[in-house]
Amino acid sequence: MSRGRGPGRGSSRSSDRPAGSGQLKAVFVLLVGLSGGLIAVQNNAPLAVIGAAIVGGSVAGGALLWYLIWITTD
């Protein structure tokens with residue numbers, strides 16, 4: 001039996017990490033943005049205000065993500 005590289009072994013797994021990391025970052029920003037929109041929906045806000053809350057929340061989520069990356073990297 002060969003103990004060579006099989007499925008899921010070797011350097012192929014490390015190439016999957018950046019894509020997963022990028023998806024996690026996008027989900028984080030989207031979650032923060034949608035939470036602002038949901039708060040506006042609960043307050044019976046007009047559609048324009050809901051959209052502005054989602055955009056503003058997404059900007060805030062992006063800024064928060066940038067800050068978290070900045071303080072955790074060397």
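Here, each number is a calculation from the coordinates, and none is a lab measurement. It should be emphasised that the depicted structure is a prediction, and the values quoted were computed from it without experimental measurement. When we count neighbours, we look across all protein chains shown, and the Cβ atoms used for this are built from the backbone with ideal geometry, even at glycine.
How would you rank ILE69, ILE50, ILE39, going from fewest to most other Cβ atoms within 10 Å of each one's own Cβ?
So the residues, fewest neighbours to most, are ILE69, ILE39, ILE50.
Spin-label model, ALA63/ALA45: points 7 Å from Cα along the beta carbon direction are separated by 1.5 nm.
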